[in-house]
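To start, the structure under review is shown below, and the notes come after it.
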Amino acid sequence: MEAITTLVDEHRVLEDGLDALESVIKQTEAGKAPPALKIQQLLDFYADFADERHHRKEEAVLIPNLEQSCGGRYLCPHSDTLDRMQREHRSGHRLIGAMRDALPKLSKDPKAREAFLEAARTYVTMQREHIKLEEEDLFPEAEAILVGHDTELMAAYDRRAADAGESRSLREFQEIVDGILAGIQPTIPVPAST
């Protein structure tokens with residue numbers, strides 16, 4: 001089902017972003033935080049891609065269609081998963097905010113550094129578990145329940161993107177996260193050839 005495959009493909013881009021954040025965590029723990037601008041770009045990526053694109057597809061399109069097909073949220077086989085998913089979306093948004101708040105003082109203030117690291121670690125762990133939950137529990141069930149609704153869901157995704165003024169493709173978001181990841185990776189000196 002293309003509507004579910006689209007969300008899974010977006011998960012791969014989100015996981016690349018999580019890899020980038022893990023690199024930021026490791027470098028910051030080692031006392032060598034990447035440039036604040038690169039971290040800001042990463043947080044902007046999460047706000048634009050995770051919150052505004054991916055989560056909105058799930059919340060404004062997938063969940064309402066599941067609820068309608070089931071005859072109501074609590075008649076859906078995975079209503080508890082839907083509730084958890086939306087709670088985690090809100091928690092992720094708050095954690096991004098906490099990282100943003102700590103970022104200006106990251107290299108100067110030990111409390112800000114710890115606040116940033118705590119939010120970042122929690123975000124990475126929660127998002128990896130969240131992706132696994134959706135892909136192993138929710139999406140297979142959604143495919144079974146929403147069979148025959150693929151064209152309708154894809155059209156709703158497109159309308160949602162148009163209403164939000166979103167015109168960037170998945171490939172463009174992948175390029176953004178790849179550029180961020182390249183910019184935050186520590187440089188490894190190459191030995192001179194003899």
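The values are calculated or read from the model by the stated rules, or taken from the named source; none is laboratory data. Since this is a predicted model, take the numbers as computed values, not measurements. Ideal geometry is used to build each Cβ from the backbone, glycine not excepted, and the neighbour counts take in all protein chains shown.
Tabulated results
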| item | result |
| --- | --- |
| Tyr74 being over 19 Å from Arg159 (Cβ atoms), of a type in the set (Ser, Thr, Tyr) and more than 16 Å from the chain's Cα centre (by Cα) | yes |
| Selection from region 1-36 of residues that are farther than 30 Å from Asn65 by Cβ and within 19 Å of the chain's Cα centre (by Cα) | Asp19, Ala20, Leu21, Glu22, Ser23, Val24, Ile25 |
| Search result, residues across region 66-80 that are without any contact (Cβ under 8 Å) to a residue 60 or more places away in the chain and closer than 22 Å to Glu129 by Cα | Ser79, Asp80 |
| Any hit, region 17-30, residues being in contact with a Gly (Cβ under 8 Å, 6 or more places away or on another chain) and basic (Lys, Arg) | no |
| Qualifying residue in region 100-108 (condition: within 19 Å of Thr122 (Cβ to Cβ) and either touching a Gly at 6+ places or on another chain (Cβ under 8 Å) or among the polar types (S, T, N, Q) (or both)) | no |
| Residues that are charged (D, E, K, R) and modelled with pLDDT of 90 or more, drawn from region 160-171 | Arg171 |
| Region 158-183, subset more than 17 Å from the chain's Cα centre (by Cα) and closer than 24 Å to Glu67 by Cβ, residue surrounded by the most Cβ atoms within 10 Å (Cβ to Cβ) | Arg160 |
| Criterion (small (Gly, Ala, Ser), surrounded by 14 or more Cβ atoms within 10 Å (Cβ to Cβ), touching a residue at least 24 places away in the same chain (Cβ under 8 Å) and at negative phi) met by exactly one of Ala102, Ala119 | Ala119 |
| Exclusive hit being within 22 Å of Thr122 (Cβ to Cβ) and of a type in the set (Val, Ile, Thr), set Val13, Val8 | Val13 |
| Residues of region 2-55 that turn out to be farther than 19 Å from Ile180 by Cβ and buried (at least 19 other Cβ atoms within 10 Å of the Cβ), as a count | 4 |
